[in-house]
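Everything on this sheet refers to the single structure shown next.
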């Protein structure tokens, strides 16, 4: 797989670094959960935030990345809004956003499907 000892060494270092980052993020999630509980967050809010944290870990977003900062701020604003105003008030906006995301995913899937069927120059 790796041609040189240096490549193996670099791959091992990268693997260690990734593992450390995952472990650190998991510990941060646990810490946030304890902090929210001590601050008196409602049980439903705590559950939503835990699911959001879990989603970040599953998707592989790492702390301090642009994606993580965006998801964190956007997700927190939605959860806070639900906590303040109730789900019935926030739901229409979330459903509109979900419809938009589904449309983009469908377009990407259609593009992928069409691209598989193309032959000729520049398709390798």
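Only one of (1) exposed (fewer than 12 other Cβ atoms within 10 Å of the Cβ); (2) modelled with pLDDT under 80; (3) at negative phi is not met by residue 35, so which one is it?
Failed condition: (2).
Quick check: anything in segment 48-71 assigned to a helix (DSSP H, G or I), free of Cβ contacts under 8 Å to residues at least 40 places away in the same chain and over 13 Å from the mean Cα position of the chain (by Cα)?
yes
The values are calculated or read from the model by the stated rules, or taken from the named source; none is laboratory data. As the structure is a prediction and not an experimental result, all values here were calculated from the model. Positions of Cβ are backbone-derived with ideal geometry, glycine not excepted, and every protein chain shown enters the neighbour counts.
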